[in-house]
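Pasting a structure here, questions to come.
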Amino acid sequence: MSDDSAKSLDGGIGTHVIAITYEVMDWATEALPAHVPADDLKKLKLAAGEHLAAMLTTAYLGIVSVAVDVHGGVDLVYRVADSDSDALSSLLGRDGVEFADFEVKSMPGDFREHDAAVSRALKRGEEPGTHWSTFVSANDVVEAAQSLIAKAAKQLRDKSSPDRARVVFIVSHFLDRPYVECLDPVIAHTLIAPTLSDEIERTLRLLRVTGRRWRRARRRAVLGGVGRLVATDPGDASCPAAPAFCS
């Protein structure tokens, strides 16, 4: 381990972590299609990462979504009262609520179109093109998400109500914004807190999606692949060995 890595770990001492094991992710991918109608799940916007948010928040909260956006409402709804866990108020940043409403936003980038273009080229027997990305810092990703956080906050203001926990879930594809700290075992304690409106209790950030195991989960759950997660709130930590949300 390098001196810089050791210093990074030292800075993470005292950070609280919620580590989500692979088994919990397996449960989440199976629980969603078992409790949410298949026609509703098919309406989740794959390009926006709503399928990822549905699986990961189910694993994070330990309860299954009771509704997804099919009529212009919030993207995901969780009935917090269904859980007997005392930790939910901490995870959501809000006490004494019956429901938690999530709005999902995906940061724009060129990789999705490049990936689609590669598939089209291969089908035609042509050589795929090259995708170029520029490394940034993880805090650059947080800063770039501010406008989406503000947009999601306005939508939650319009669609949700003050008696519910309101959470923004931001998805950033790693190949659009590769960040230099990606190999550091703990980075969240170095992140700058995003600016949140008074109406938003929590912002969750999904920075990385990889892994063969999660592609298998996509096929099983008819939702989408999920993978390794570097999360979430400043002052929290990430766990590269397994999906992790931190609070």
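For segment 157-174, give me each residue that is hydrophobic (A, V, I, L, M, F, W, C) and open to solvent by 80 Å² or more (accessible area, probe 1.4 Å).
none
What residue, among those in segment 176-193 that are among the acidic types (Asp, Glu) and assigned to a loop (DSSP other than H, G, I, E, B), is modelled with the highest pLDDT?
Of everything passing the filter in segment 176-193, ASP176 is modelled with the highest pLDDT.
Mind counting the residues in segment 52-85 that are modelled with pLDDT of 85 or more and acidic (Asp, Glu)?
Of the residues in that region, 1 qualify.
Among the candidates SER119, SER85, which residue alone is surrounded by fewer than 14 Cβ atoms within 10 Å (Cβ to Cβ) and in a helix (DSSP H, G or I)?
When all the criteria are applied, what remains is SER119.
Scan segment 37-61 for residues that are surrounded by 20 or more Cβ atoms within 10 Å (Cβ to Cβ) and not in a helix (DSSP H, G or I) and report the count.
Within segment 37-61, residues that are surrounded by 20 or more Cβ atoms within 10 Å (Cβ to Cβ) and not in a helix (DSSP H, G or I) number 2.
The values are calculated or read from the model by the stated rules, or taken from the named source; none is laboratory data. What you see is a predicted model; the values in this text were computed from it and never measured. No Cβ is skipped: glycine too gets one built from the backbone with ideal geometry, and neighbour counts run over all protein chains shown. Remember, those area values only see protein heavy atoms, side chains included, never the ligands or the DNA or RNA. Shrake-Rupley method; radii C 1.70, N 1.55, O 1.52, S 1.80 Å.
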